[in-house]
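Have a look at the structure below, then the notes.
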Amino acid sequence: MVFRALTILLLWVWGIGVANEDLRIGDSCYSLRAEKANGDKADTNNVKKMIQAYERAFAAADTLIQEKAAEGLLKSYYFMLRFASPEKDKRKDVLNEVTLLSEKIHSLYPNNRNITKIYIVILSMWGAETNPLIAVKQGVAKKVRDLADSIQDYQILGRSHQILPYIPIILSWPDKKLAEKYLKMSLEQDSKDPYNYFFLSELRFDQGLYDEAEKIIQAGLDLGVRTDFFLEDKRGRWHLKELQKKVRNKKRR
């Protein structure tokens, strides 16, 4: 009896050790996600390795490890969709699967702010890439707004009000004034994210305030590139530079 109990205990401890090692591998791969990138396209082998490691860790019995692995898994899938996306004919199926997975994980850990944020972004991506009108009718836009409000993610709130159209009865809450309010708050919340500069400068461009838009763009470009967000910031800078061209073309007319 004692031997059997000791064996079970050792197997349990061994299982936790393996799960911890898988979590460590996943975290290591994620921290090196920009390695061997081709332009802003990530190395697919590293992405696969991090996803597989997080999946193994998520299957562990230890609750704390599971939650950390779940967060890592969603981060990895989101990164894959942005920087190592499958071929166009497969992307829709992958996006559907990742959206369902993110919904499941969010239901398991509704109080995890990072998981909620990734779920919101993946849900937004799904709505934009499948059928935006159907997504709106299904309440996806409202769900994104309400979840973003629950975690005070001003970037997503501002972006929701900025890009969603006002549609009587169906979508009556988007407000450009609120877009401006939240995007300003988002920039104050995180002044190191180039996309906070891009979204606000894009709003100024749409308002015809080209001088102000260009100042915001330049402030974003002056940030440089963070080593721990290399691909993310590199793409953000590309968006800023493309918008800068549009602004200067308008100013020359």
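Key figures for this structure:
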quantity: Residues that are touching a residue at least 24 places away in the same chain (Cβ under 8 Å) and β-branched (V, I, T), drawn from segment 163-189; calculated: I167, I170
quantity: Single match in D190, D206 (criterion: at pLDDT 95 or above and under 16 Å from the mean Cα position of the chain (by Cα)); calculated: D190
quantity: Selected residue [farther than 17 Å from K117 by Cα and surrounded by 14 or more Cβ atoms within 10 Å (Cβ to Cβ)] from L157, L178, L183, L147; calculated: L178
quantity: Residue check, Y77 surrounded by 15 or more Cβ atoms within 10 Å (Cβ to Cβ), aromatic (F, W, Y) and within 17 Å of M125 (Cβ to Cβ); calculated: yes
quantity: Residue that is farthest from A179 (Cα to Cα), among those in segment 190-225 that are surrounded by fewer than 20 Cβ atoms within 10 Å (Cβ to Cβ) and in contact with a Pro (Cβ under 9 Å, 6 or more places away or on another chain); calculated: V225
quantity: Segment 201-253, residues that are of a type in the set (A, V, I, L, M) and in contact (Cβ under 8 Å) with a residue 40 or more places away in the chain; calculated: L203, L231, L240, L243, V247
quantity: For L178: the one exception among (1) modelled with pLDDT of 95 or more; (2) of a type outside the set (D, E); (3) under 22 Å from H106 (Cβ atoms); calculated: (3)
quantity: Wholly within segment 20-129, helices (runs of 4 or more DSSP H) carrying at least 2 residues that are over 15 Å from the mean Cα position of the chain (by Cα) and at pLDDT below 95; calculated: 44-58, 63-83, 88-108
quantity: Of all residues in segment 57-116 being touching a residue at least 40 places away in the same chain (Cβ under 8 Å) and of a type in the set (F, W, Y), the one that is nearest to I156 (Cα to Cα); calculated: Y78
quantity: Unmet criterion (only one of (1) farther than 26 Å from W173 by Cα; (2) assigned to a helix (DSSP H, G or I)) for D146; calculated: (1)
quantity: Residue within segment 231-238 that is of a type outside the set (D, E, K, R), surrounded by 14 or more Cβ atoms within 10 Å (Cβ to Cβ) and within 26 Å of T116 (Cα to Cα) present; calculated: yes
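The values are calculated or read from the model by the stated rules, or taken from the named source; none is laboratory data. If you're wondering where the values come from, they're calculated on a predicted model, not measured in any experiment. Ideal geometry is used to build each Cβ from the backbone, glycine not excepted, and the neighbour counts take in all protein chains shown.
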